[in-house]
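Note sheet for the following structure.
The values are calculated or read from the model by the stated rules, or taken from the named source; none is laboratory data. Quantities reported herein were computed from a predicted structural model and do not represent experimental measurements. Cβ coordinates were reconstructed from backbone atoms using ideal geometry, including for glycine residues, and neighbour counts include every protein chain displayed.
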Amino acid sequence: MAAKVIDGKAFAAKVREKVKEHVTRLVGEHGVTPGLAVVLVGENPASQVYVRSKGKATTEAGMKSVEHKLDETVSEEELLSLIDTLNQDDTIHGILVQLPVPDHIDADKVLAAIDPAKDVDGFHISNVGLLGTGQKAMVPCTPLGCLMMLREEHGSLSGMEAVVIGRSNIVGKPMAQLLLKDSCTVTIAHSRTKDLPAVSRRADIVVAAVGRPNMVTAEWIKPGATVIDVGINRIEKEDGGTRLVGDVDYDDVAKVAGAITPVPGGVGPMTIACLLANTVTACCRTHGLAEPEGLTA
Ligand code: NAD
């Protein structure tokens, strides 16, 4: 039987609607408008597109959106000074520095400068530690989006066998922590893992976050498993153009999986939805107000 397609675009629209409702309540009942500041350094075309769509989505959700576009040559000191200003700004509840930053800027230093309470990307070491110890943290948007889709699909994830392929700080590791928090039995596989197909085949849930087009094939998947494809890879088409594919060979895996996310239209739209969700969560925590249900880990 063909796998159920998990429609990330439709689910993200629901999450964004929920965020918008909560924002309306915050504005109407408490006079508080959540605000997100996005900082972009340089002219990276992909980053420019991301920043534009993040700003648009923020405004559509009824929140305040601020964009700071800095020249490629901006000094680390100037960037840190801007972050300090945003940390002090009471109208800003979330700060996101679009990565990558130019080589002369130390990205770790920049991330460490963001107030952890406003760290809507969840990359600050304090939030990494809070998540790792099972405490209330700001959680990275992409893994949070994957978790929301899995919860929507399965309800409780307790006792499920999960394999996360990829161990990056922004996807693989936090994804594994979130699945562990939801009581899965978690394996993190990576480039040095022996017999990766066999490891993957154990899983009720496979999350692929590698960056290698179509790497995961049907032989890697236990029949009926849920497959979440985080990968975004641009490959050449026969006609000379390009198209996006994930880390999962979609057509092949869809024959054996129980449910699968497509690329595009799976995890991608959930990432921005979760950025909005995190901004509302950060705002509620700052003001000591009730957090929106179903939008946090
Ligand atoms: P990364 O390069 O930082 O990490 C990749 C991980 O894959 C590494 O931990 C590495 O050990 C592992 N790996 C590499 N080759 C492997 C192999 N042959 N077998 C097993 N594991 C291997 O990448 P990342 O930032 O975690 O991103 C992973 C993918 O997810 C990329 O395609 C990226 O574009 C995509 N991504 C998508 C979103 C989204 O919103 N959908 C967000 C972030 C990243």
Counting only helices (runs of 4 or more DSSP H) wholly inside segment 170-273, the ones holding at least 1 residues that are under 27 Å from residue 15 (Cα atoms), within 11 Å of the ligand (Cβ to nearest atom) and touching a Ser or Thr at 6+ places or on another chain (Cβ under 9 Å) are 172-181
Residue pairs within 6 Å by beta carbon, gap of at least six or interchain, first lying in segment 146-168 and under 21 Å from residue 7 (Cα atoms), second charged (D, E, K, R), listed first then second, are 157/182
- Looking at segment 173-183, is at least one residue hydroxyl-bearing (Ser, Thr, Tyr), surrounded by fewer than 15 Cβ atoms within 10 Å (Cβ to Cβ) and closer than 18 Å to residue 131 by Cα? yes
| said: Kindly evaluate residue 288 against the criterion of being at positive phi, away from the ligand (no atom under 16 Å from the Cβ) and not assigned by TED's automatic domain parsing to the domain that holds residue 222. | reply: yes
Of the candidates 268, 241, 288, the one satisfying the condition of being among the small types (Gly, Ala, Ser), out of contact with any Pro (no Cβ under 6 Å at 6 or more places or on another chain) and surrounded by 15 or more Cβ atoms within 10 Å (Cβ to Cβ) is 268
Among 91, 142, 85, the single one that is without any contact (Cβ under 8 Å) to a residue 24 or more places away in the chain and closer than 20 Å to residue 55 by Cβ is 85
Filtering segment 208-230 for residues that are within 18 Å of residue 271 (Cβ to Cβ), surrounded by fewer than 24 Cβ atoms within 10 Å (Cβ to Cβ) and free of Cβ contacts under 8 Å to residues at least 40 places away in the same chain leaves a count of 0
Reported set for segment 160-169 where residues are crowded, with 24+ Cβ neighbours inside 10 Å and within 15 Å of the ligand (Cβ to nearest atom) is 163, 164, 165
Only one of (1) of a type outside the set (Phe, Trp, Tyr); (2) within 17 Å of the chain's Cα centre (by Cα); (3) farther than 19 Å from residue 150 by Cβ does not apply to residue 12, and that is (3)
